[in-house]
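Following: one structure in structure tokens, then a few remarks.
The values are calculated or read from the model by the stated rules, or taken from the named source; none is laboratory data. Keep in mind the model is a prediction, meaning the values are calculated, not measured. Every residue, glycine as well, gets a Cβ built from its backbone with ideal geometry; the counts of neighbours run over all protein chains shown. The accessibility values were calculated without ligands, DNA or RNA, using every heavy atom of the protein model including side chains. Shrake-Rupley method; radii C 1.70, N 1.55, O 1.52, S 1.80 Å.
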Amino acid sequence: MATTHVEPKEAAAPAGQARSVNDLSIQVATVNGSGSQTANLVLLRAIFQMGIPVSAKNLFPSNIAGLPTWFTIRASKHGYIARRKDSEYVVAMNPETAEEDVQGLKPGAACVYDERLNLKRLRDDVIFYPVPFDQLVTPICPDARLRKLVRNMIYDGVLAKLLGIDMEEIHTALQKQFRKKAKAAELNWNAARVGYEFAEKNLVKADPYFLERMNATQGKILIEGNAAAALGSMFAGVTVVTWYPITPSSSLCETLIEYMKRYRLDKETGKATFAIVQAEDELAALGMALGAGWAGARSMTSTSGPGISLMAEFVGFGYYVEVPAVIFDVQRVGPSTGLPTRTAQGDILSTAFLSHGDTKHPMLLPCSVSECFTMATEAFDLAEELQTPIFVMCDLDLGMNTWMSDPFPYPAKPMARGKVLSAEEVRRMGGFERYKDVDGDGVGYRTLPGTPDRLCGWFARGSGHNEKAIYSERPEVYVNNVDRLAHKFETARLKVPGPVIIESERHKVGIIAYGTSHWAVEESLDQLRREHDIDASYCRLRAFPFHPQVHDFLHRHQRVYVVDQNRDAQMLGLLRLECDADEIRKLRSVRHYDGLPIDARTVTDQIATQEAAN
Amino acid sequence: MATTAVPASPAAKTNRIGLEIVQYKGNKSTLCAGCGHNAISERIIEACFEMGVEPHRVAKLSGIGCSSKSPAYFLNSAYGVNAVHGRMPSVATGALLANHHLIALGVSGDGDTASIGIGQFVHLMRRNLPILYVIEDNGVYGLTKGQFSATADVGSKLKTGVANDLPPIDTCALAIQLGATYVARSFSGDKKQLLALLKGALAHHGTSMLDVISPCVTFNDHEGSTKSYSYVKDHDEPIADVSFVPFFEDISVEYDPGTTTDITLHDGSHLLLRKLATDYDPTNKGEALRALTEAHDKGEIVTGLFYVDTERPSFIDLLNVVDEPLATLPESKVRPPKEVLDQVMQSLM
């Protein structure tokens, strides 16, 4: 261990290197179950509190303890928050992966590592900062059982010193993280301080990377997409939540339970204005949500790919019987069990047409935590207005990672409960026909069970039925009914959120993307302009069915690249089904499907290569 | 007020809420003539009429199969769901979560319950959801033309002569073990017993599970079947004689406490169980399971109320929800004010 005391050199980069400020990725490699999440979130928050735009990607295994996990924090003065492929800093805490972690670094990168791993021998073009974690943790944490959990906080202190993170911000972030657990906060604070002091005394800054205060996060929040969707659901007025645990969607309902217990108990009686039930499987979860929707509740479930597969039959039932429900699909990598803790947009095609027979379903496509919130609210309105299951297609990257965002807007409009008739209205009309298209929008009127009049009753059946909801196998009745459902889908087309379009004046190259690919595309647009002189337009899809503006966008451009985080270009496939031959000829594909969140470089390279060949 | 006398037509009998029995009827059955399920529909109509059930509060629910068609044949003015195969319990659960004032009346079959639906069935039983769950049990799949179901007895024969070689699932034993709080078996041909058990179930708060042997006249009513009319008649061993006294009929019934057990149900109605051959305590789970096992061993079909627990809270009780149906709570109750969002946003900064 070095013993010479080195004066801190915060202001200057090592000789010969230009200072790089607020533009780096830090990758922390740990073993899962070692409490590293706390250390990583505190680091993230501290940088955020310094006003620097920041994002985080947690790459974790489908395991509780003992397997490798990586946490990447990106700080970007430009405000880019997509994943980046390479890192300037790695913190190598996991003996299993340390060598690989170091070998993967670009020249000039820095590596903070557990001294015992002796990584220095591996490369001479990487800057190494050895830290004796065990030696440092023992004196501050007498309880040997806690040491494993606390020692990770030491690297927060080391990084604070090396990168210039204000220790006061680490302190504030720790307080926030531990809230009422003062003892744990103090223990961790001591660990961070020990790390800082060690670095101050023993490490010589030899890399050019620095973090400095900015003012770009003022008034912003940090939240995971699942928590945002949970909040959105609460403010949407959800009353029945039925779910079955599955990664990566579990935290949506778990967070919702916490919020509802806090904010949705009746003030006078203390009783719940909601029911949340953990079902026996995904089939039951959706069956309950549909039963509740039939009886008039705002109901929801959340799941991921395997659950979507299981729900297929019930989704067709909901579609045909015309019952509202909201289904959050936090997509992960399939097929089958796939990579349960990795991200993908792999359920697009199967969900759009989920279930047997002619079925199609509206899907909302949030790209941000803010849209997780607003689209949750919209989804409940749409479900009741259109009387059909509505899917909100998130993914693991959005749902489980922490994102920076502007605060969410309070719902501007009152809840839209759709066409529900009261007993009085039915009496006045002398009865009603459940599936009759009275208004020409394909949406009939319904009554809720319990509506007190003998004229109000009706029978919801998944078998063939006429306008009066009575069993029928007559060919013309069947055709009328499914044609009306198709017409209702056209009503949905104009009701779902339309695309967001950024128009280039050149009108040659267009990009279509959706969901979390947005962040990579946003950065890629700059890269394409800067590096390849490609000034592309961008159409971000926010829902299926596609708004007519999407077709207009295709018409205005010569080549349109559709960005998918799946192997089979599923959104491109869906577009092909709705496009004419001229439009289809323009479609090109950009795909990324290795389980990691898509990055800008992937988009840029794939588009540049195809454009060059054009 | 009119002073001239209006010639009155012979008044049809009305129940305690002023409805006639015709108002509890459904569409004409399309099941086979003589199907046991039709008799069960008739008893459901009578039970609801006699109990003064408000039809608009009834949620009729079913899965798929002959049995599951039958909700169309009673209570036309009620609300119905003919759901997917074996998954009616989840739909019923959701409906009651949305509106716990509904009276859930589920009709299933032995295939719908004991095969494809066994998963949802067991979880329904353990939740003790307030529902009357009727299995119209004929031991075969009728709608697909006579394959064995999982309640068929060992040795029972199909029309083709093929014998069943797997042991039956006893849905009553399962229900008792899992936590249902009103568990009975009856026979579609036993009008009196079935009617009393149905009324008792309507008066109960919690899961009432009625397995009703209901012969399939087309596919399982032949020699060699253990679910034919003649076989069931010959082997039916009622565990007690059951009669029902509703809470709204102020009738004091004379009975001998030594031979009759009086069970007070949730709404104040009484079930009177008069001892037949042996002593039987329907509040004892162990005894209920033993009686069922012994009957199996003897090749008897034991019927009657096997188990009742009037104390266990229902699933809805456990959820501690507001009294008003969740479905119709106003926006002011379900959308927290802007200050709450501001507060949450502040905590995330």
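What is the diffusion coefficient of segment B:105-215 in µm²/s, taking the Kirkwood radius over Cα pairs and the Stokes-Einstein relation at 10 °C with a viscosity of 1.306 mPa s?
112
Would you please report the Å³ per residue occupied by the convex hull of the alpha carbon atoms in segment A:349-410?
Spelled out: Cα convex hull of segment A:349-410, divided by residues, is 80 Å³.
Just how large is the dipole of chain B about the Cα centre, in debye to the nearest 20, putting +1 at every Lys and Arg Cβ and -1 at every Asp and Glu Cβ? If you can, show how the numbers build up before the last one.
Details: 29 positive and 40 negative charges, 230 e Å.
Dipole about the Cα centre, nearest 20: 1100 debye.
If R₀ is 45 angstrom, what is the calculated FRET efficiency for the pair A:Ala608 and A:Arg262, using the beta carbon separation as r and rounding to 0.05?
Working from the Cβ atoms, E equals 0.35.
Which FRET efficiency, nearest 0.05, do A:Glu99 and A:Asp166 yield, Cβ-Cβ r, R0 30 Å?
0.35
Would you grab the residues whose amide H sits under 5 Å from the one on B:Ile301? Only those 5+ places off in sequence or on another chain, please, with H modelled 1.01 Å from N.
B:Asp236, B:Glu237
Would you mind checking A:Lys436/A:Lys468; B:Lys159/B:Lys298; A:Lys468/B:Lys60; A:Lys419/A:Lys488 for any pair whose Cα atoms are more than 19 angstrom apart?
Long pairs (Cα-Cα over 19 Å): B:Lys159/B:Lys298.
What is the helix-to-structure angle for A:36-49, meaning the angle in degrees between its Cα long axis and the longest Cα principal axis of chain A, kept from 0 to 90 and rounded to the nearest 10?
So the inclination is approximately 90 degrees.
Can you give the accessible area of A:Ser36, probe radius 1.4 Å, in Å² rounded to 10?
10
Under 17 Å from a point placed 7 Å out from the Cα of A:Met214 along the Cα-to-Cβ direction: which residues of segment A:379-405 have their backbone N that close?
A:403-405
Counting other C-beta atoms within 10 Å, and keeping those with at most 10, which DSSP coil GluC sites (Glu not before Pro) do you find in segment B:214-291?
B:Glu223, B:Glu254
For A:Ala460, which sequence-distant residues (separation of 5 or more, or a different chain) have an amide H within less than 5 Å of its own amide H, given hydrogens modelled in the peptide plane?
Amide H to amide H, under 5 Å and 5 or more residues apart or across chains, A:Ala460 pairs with B:Gly80, B:Val81, B:Asn82.
With each pseudo-label sitting 7 Å past Cα toward Cβ, what's the A:Arg179-B:Leu143 distance in nm, one decimal?
With each label point 7 Å from Cα toward Cβ, the separation is 4.9 nm.
Given a 10 angstrom Cα cut-off, can you work out which residue in B:Phe49, B:Phe248, B:Phe219 is the most mobile in a GNM of chain B?
Evaluated over chain B, the most mobile residue of the options is B:Phe248.
Could you calculate the contour length gain from B:Lys338 to B:Thr160, that is, 0.36 nm times the residue separation minus the distance between their Cα atoms, to one decimal place in nm?
That works out to 57.1 nm of additional length.
If I stretch the segment between A:Arg585 and A:Glu425 completely, what's the gain in nm (0.36 nm per residue apart, minus their alpha carbon distance), one decimal?
Values: separation 160, 0.36 × 160 = 57.60 nm, distance 5.19 nm.
Full extension from A:Arg585 to A:Glu425 adds 52.4 nm.
Would you work out what percent of the accessible area of segment A:423-495, with all protein chains in place, is carbon or sulfur (probe 1.4 Å)?
Numbers: 1860 of 3680 Å².
Carbon and sulfur: 50 percent of the exposed surface of segment A:423-495.
In what sequence, largest accessible area first, do A:His507, A:His361 appear using a 1.4 Å probe?
Ranked list, largest accessible area first: A:His507, A:His361.
Please work out, to two decimal places, the log10 of the ratio I(q)/I(0) at q = 0.14, 0.15, 0.24, 0.27 Å⁻¹ from a Debye calculation in which every Cα of segment A:423-495 carries one identical scatterer.
-0.48, -0.55, -1.10, -1.20
Could you work out the local net charge near B:Lys275, counting Lys and Arg as +1, Asp and Glu as -1, over the other residues with Cβ closer than 10 Å to its Cβ?
That works out to -2.
Enumerate the lysines that A:Lys586 could reach by cross-link, defined here as Cα to Cα under 23 Å, with residues fewer than 8 away along the same chain left out.
A:Lys508
Calculated from DSSP H runs of 4 or more alone, at -39500 (n - 2.57) each and per residue, what is the 222 nm mean residue ellipticity of the protein assembly as shown, nearest 500?
Calculated at 222 nm, the ellipticity per residue is -11000 deg cm²/dmol.
Taking a ≥ b ≥ c as the square roots of the Cα gyration tensor eigenvalues, with a/c under 1.5 meaning rounded and otherwise prolate when a/b beats b/c, else oblate, which class fits segment B:26-137?
Oblate, since a/c reaches 1.5 and b/c is not below a/b.
Net charge around A:Glu96, counting only other residues with Cβ within less than 14 Å of its Cβ (Lys, Arg = +1; Asp, Glu = -1)?
-3
Note down the relative contact order for chain B as a percent, whole number, built from C-alpha pairs under 8 angstrom at least six residues apart.
15
Give the separation of the Cα centroids, segment B:154-180 to segment A:499-575, in Å.
59
Between A:Asp358 and A:Lys508, what length comes free when the chain is fully extended (0.36 nm per residue of separation minus the Cα-Cα distance, one decimal in nm)?
Net length gain for the segment: 50.4 nm.
Given labels modelled 7 Å from the Cα in the Cβ direction, how far is it in nm from B:Lys285 to B:Phe248?
3.5
For the pair A:Asp483 and A:His78, what calculated FRET efficiency results from E = 1/(1 + (r/R0)^6), where r is the Cβ-Cβ distance and R0 = 56 Å, to the nearest 0.05?
It comes to 0.65.
Please compute the contact order of segment A:102-196 in relative form: average sequence separation of alpha-carbon pairs under 8 Å and at least six residues apart, divided by the residue count, as a percent.
Once divided by the residue count of segment A:102-196, the mean separation gives 26 percent.
Relative to a virtual label point 7 Å from the Cα of A:Val204 in the Cα→beta-carbon direction, which members of segment A:76-108 show backbone nitrogen distances below 18 Å?
Under cut-off, by backbone N: A:108.
Using only Cα atoms, what is the ratio of the radius of gyration of segment A:223-405 to 2.2 N^0.38 Å?
The reported ratio for this selection is 0.93.
Under a 1.4 angstrom probe, counting protein chains only, how are B:His270, A:His532, A:His555, B:His204 ranked by accessible area, largest first?
Descending accessible area places them as A:His555, A:His532, B:His270, B:His204.
How big is segment B:21-328 along each principal axis, measuring the range of its Cα positions in Å and listing the largest first?
Principal axes ranked by extent give 55, 46, 35 Å for the Cα atoms.
Give me the distance in nm between label points sitting 7 Å out from Cα along the Cα-to-Cβ direction at B:Glu20 and A:Gln558, one decimal.
8.1
Check A:Ala275: other-chain or 5+ apart residues with amide H under 5 Å from its amide H, H built from backbone geometry?
So A:Ala275 has HN proximity to A:Val240, A:Val241.
Taking the Cα centroid of segment B:299-333 and of segment A:405-458, what is the distance between the two, rounded to the nearest whole Å?
Computed from Cα coordinates, the inter-centre distance equals 27 Å.
Using all C-alpha to C-alpha distances in the protein assembly as shown, build P(r) with 20 Å bins and read off the rounded percent in each one.
13, 37, 30, 16, 4, 0
Largest first, what is the accessible-area ranking of A:Phe133, A:Phe353 with a 1.4 Å probe? Display every interim value, and only then the final one.
Details: A:Phe133 0, A:Phe353 75 Å².
The ordering from most to least exposed comes out as A:Phe353, A:Phe133.
Any chance you could give the angle, 0 to 90 degrees and rounded to 10, that helix A:182-202 forms with the longest Cα principal axis of chain A?
Computed tilt is about 40 degrees.
Taking springs between alpha-carbon atoms closer than 10 angstrom, which of B:Pro257, B:Pro337, B:Pro71 fluctuates most in the Gaussian network model of chain B?
Top of the fluctuation ranking is B:Pro337.
Compute the helix-to-body angle for A:282-294: its Cα long axis versus the longest principal axis of chain A, expressed 0 to 90° and rounded to tens.
Roughly 50 degrees between the two axes.
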